[in-house]
Amino acid sequence: MTRRGRTGLWAALAAPGTLWIVALFAVPFYAVAAVAFGYTDPVFNSPVPEWDPRYWDFTAFNEIVRRSVSGDLRPVFLRTLLYVLLALAVCMLVGYPVAYYLARHAGRRRGLLLALILTPWWVNYITRMLAWLNLLQDDGYVNDLLLLTRLVDEPVRWLSGNPVTVVLALVYGYIPFFIVPLFSSLDRIDERLLEAARDLGCSGRTAFWHVTLPLSRSGLMTAGAVTALPMFGDYYTNTLVSGSPTTTMVANQIEFYLLGGNRKELGASLVLLMSALLMVLMAYYLVASRRAEEVAA
Amino acid sequence: MPPSIDRRKFLLVSALASVSAACASERPRRPSAASAVPLSRTDSPAALPLHDDIPMIANGLSPEKGGTLKLLNYAEYISPDVVKKFGKEHGVEVEITTFTTQEEAIAKLRTAGAAFDVWFPTPDVIAKAAVGKLLQPLNKTYLPNLGNAWPQLQNPFYDEGARYSAPYNAYTTGIGYRADKVKDATGYDLLWNPAYKGKAYLIDDPREALSLAMLKNGSLEINTEDPAKIAQAGAWLTELVGLMSIKLGITAYQYVPEGQATVHHCWSGDMINAQSYLPKGVDADVLGYWYPSDTTGVVGTDSVAVPRTATKPVLAHMLINHLLDNAVAQENFSYTGYQPALTAITPEKMVTDEFVTEQLKTAIVTPDVYARSQQIFQISPAAEALWNDAWATFKAGQ
């Protein structure tokens, strides 16, 4: 087969994927932009998407940027960033040891343990969250336990707009997505490298610090990206466990503008702004993970 | 956030702005202050325009046979039994398409090729729909039961002469509470009482919640377009964040009986429905509903109309008439929890018929309540934007 023919074959093989991305990402994304930069129907007050970029109107987008930089959306953005960072930190503290144990020490039981970690995710997300709502009630089992063990003197108000609950709920919702990629990256680390480190005089701790941790960096980055992206877009967890203005995240405001009222262009603009920020983070991730791979190689 | 991102964002915005300035445009722009649709008020009713190209159906036609009668309604907002019996009687299938907001319903009605026979709009969108040619005028000769409706709604302010709509349900907005925990239900200040901190909820809707703040503070201007007054209402609501750890929701029918909420700003139908959400061993007497006995309450109604695209318009009229029948309406009520706006439905009768407990008599709406209460009207798009802004600021929770 000629080189040219082969290129054609690869292009043909990539076609379904390309089509998929165009149909399910590019077109909807363009539709969001068309709503954000479109106009409003004078009779129905409903958004009319403007498909022709020559006629795009950026008033709504400018308003959203202004409010995000210095207005009411600023605390919302900062809060969202803080919650996601905290949730990632907890994911790391909880998820790393679990993934490490699975990859290194679980032996024959690792398949079983991995399955057990994923088992709760066989249950529908809403059902699991509703179960938590019952457990976290003022007179629920969680508070019963805390009171019984004298960890607290009065019931913790978990569900009264408590930021701690929101962060923990985010962790709970996404931690398997953190553990699984991290596990696979830890699992791939060549045991002989660690043996070499020990031969060269490293203690267990320093071997971890100088060999395992740097080698799992790309896995950590992937796990972080895979969990952070949906956390940024999550609004329902927050609605369920808090529903209070004290914990409003960006996605909650997007939901407000897109589900009701006649300012859909503001919601669509907020989607675009959020996507732009996430793309910056994504670009950083791509650059950093390539660098991490180069180090590993 | 690192300054470089801010700069990048700034550059992006300026780039976009210059592009937009560069291209001259003759397209319609953002909503202007003037609305293309008449804004009806109880004291200045609107007669909605009739269109030559959309005639009403002729008198005395016989109902269409076979096929599917298509309803466009909120979820769980009509009794499946009532619908099934009606379909059986007339030999048609009945199919219900649901929506969550009226904007969504209008989008569905405007979809090319979509046809619906009966739609359940709220009064604030009927004018838009009539001006926008989505509805057909009703032929009242098919609606003898319209006489069962409240007198005010046989000729409603939002559709003078009931050209396009018939009344469906009525409800008030008040405060649902746990009668076992609240000693006296004194008024709107229930939601400003720190004794219920963390167990207090507002309806998650800008107009309803901001109106509550105005009414609590003695203002009846719940349709104002004055930016200062709207912002003031937002400030009043913000008090609740610190004072009450206020939460937002629309599931009072569940949270009050289950005890997650002690006081919940809600619709009257929520408390009637709450009777079927009581956990085992909890008595219906724990449910209370407070509604002001003066003019400071909010009342609302829903209606039913026939879209222009109806393929079974005669049968659609017959279903509307069926729903206005006293017995059918009461059966429907027992399913939806939302009360038909019919004169035969009185608080006393509802208690005797064991529809509601004595304590929930306040959740039944009467023509008197309707007459003395305030209503949330359609306002200009520009004003609606202000209400939304005030709400977004409150929700951002600085």
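Results for (1) of a type in the set (A, V, I, L, M, F, W, C); (2) not assigned by TED's automatic domain parsing to the domain that holds B:A209, shown as yes or no for each residue.
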site	(1), (2)
B:D294	no, no
B:A327	yes, yes
B:A344	yes, yes
B:A390	yes, no
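Kindly indicate whether A:R66 is modelled with pLDDT of 95 or more and charged (D, E, K, R). When the stated conditions are applied, A:R66 passes them. For segment A:32-62, a residue qualifies if it is under 20 Å from A:M274 (Cα atoms), facing chain B (nearest Cβ under 8 Å) and in a helix (DSSP H, G or I), and the qualifying residues are A:T59, A:A60, A:F61, A:N62. Filtering segment A:207-230 to residues that are in contact with a Phe, Trp or Tyr (Cβ under 6 Å, 6 or more places away or on another chain) and either within 16 Å of A:L82 (Cβ to Cβ) or among the β-branched types (V, I, T) (or both) leaves A:V226, A:T227.
Of B:S32, B:S20, B:S25, all but one fail to be modelled with pLDDT under 85, in a helix (DSSP H, G or I) and not hydrophobic (A, V, I, L, M, F, W, C); the exception is B:S20. Would you confirm whether any residue within segment B:163-178 is hydroxyl-bearing (S, T, Y) and either without any contact (Cβ under 8 Å) to a residue 40 or more places away in the chain or assigned to a helix (DSSP H, G or I) (or both)? No, segment B:163-178 has no match at all. Among the residues of segment B:181-193, write down those that are assigned to a loop (DSSP other than H, G, I, E, B), under 10 Å from B:T262 (Cα atoms) and more than 14 Å from chain A (Cβ to nearest Cβ). Once the filter is applied, which keeps residues that are assigned to a loop (DSSP other than H, G, I, E, B), under 10 Å from B:T262 (Cα atoms) and more than 14 Å from chain A (Cβ to nearest Cβ), segment B:181-193 yields only B:V182.
Does A:M231 meet the test of being modelled with pLDDT of 85 or more and either farther than 30 Å from B:G198 by Cα or not assigned by TED's automatic domain parsing to the domain that holds A:A89 (or both)? Answer is no for this residue.
If you take the residues of segment A:63-75 that are surrounded by 22 or more Cβ atoms within 10 Å (Cβ to Cβ) and within 7 Å of chain B (Cβ to nearest Cβ), which of them is nearest to B:P121 (Cα to Cα)? The extreme case among them is A:L73.
When A:A131, A:A103 are checked against the criterion of being part of a helix (DSSP H, G or I), within 25 Å of the chain's Cα centre (by Cα) and under 30 Å from A:R217 (Cα atoms), A:A103 stands alone in meeting it. Yes or no: B:K395 charged (D, E, K, R), buried (at least 20 other Cβ atoms within 10 Å of the Cβ) and in contact with a Phe, Trp or Tyr (Cβ under 7 Å, 6 or more places away or on another chain)? So B:K395 fits the description; yes.
In the condition set (1) facing another protein chain (nearest Cβ under 10 Å); (2) under 28 Å from A:F183 (Cβ atoms), A:A115 is compliant with all but (1). The helices (runs of 4 or more DSSP H) falling completely within segment B:194-296 that include 1 or more residues that are out of contact with any Asp or Glu (no Cβ under 6 Å at 6 or more places or on another chain), of a type in the set (F, W, Y) and within 14 Å of chain A (Cβ to nearest Cβ) map to B:227-244, B:252-258. In segment A:140-155, the residue that is nearest to the chain's Cα centre (by Cα) out of those that are at pLDDT below 90 and within 14 Å of chain B (Cβ to nearest Cβ) is A:G140. Only a single item in (1) crowded, with 21+ Cβ neighbours inside 10 Å; (2) in contact with a Phe, Trp or Tyr (Cβ under 7 Å, 6 or more places away or on another chain); (3) in a helix (DSSP H, G or I) is not met by B:N321, and it is number (1). From the list A:A11, A:A106, the lone residue that is in the same structural domain as A:L258 (by TED's automatic domain parsing) and either more than 27 Å from A:L272 (Cα to Cα) or without any contact (Cβ under 8 Å) to a residue 12 or more places away in the chain (or both) is A:A106.
Counting only residues that are within 22 Å of the chain's Cα centre (by Cα) and either within 27 Å of B:M214 (Cβ to Cβ) or hydrophobic (A, V, I, L, M, F, W, C) (or both), segment B:274-293 holds 7 of them. Of all residues in segment B:186-217, those being under 26 Å from B:T42 (Cα atoms), more than 22 Å from the chain's Cα centre (by Cα) and free of Cβ contacts under 8 Å to residues at least 40 places away in the same chain number 1. Of the helices (runs of 4 or more DSSP H) lying entirely inside segment B:57-146, those carrying at least 1 residues that are more than 19 Å from the chain's Cα centre (by Cα), surrounded by fewer than 19 Cβ atoms within 10 Å (Cβ to Cβ) and among the small types (G, A, S) are B:80-90. Checking each residue in segment A:141-167 for being part of a loop (DSSP other than H, G, I, E, B) and without any contact (Cβ under 8 Å) to a residue 12 or more places away in the chain picks out A:T149, A:R150, A:L151, A:V152, A:D153, A:E154.
The values are calculated or read from the model by the stated rules, or taken from the named source; none is laboratory data. From a predicted model like this one, the values you see are computed outputs, not experimental measurements. So basically every Cβ, Gly included, is an ideal-geometry build from the backbone, and we count neighbours across all protein chains shown.
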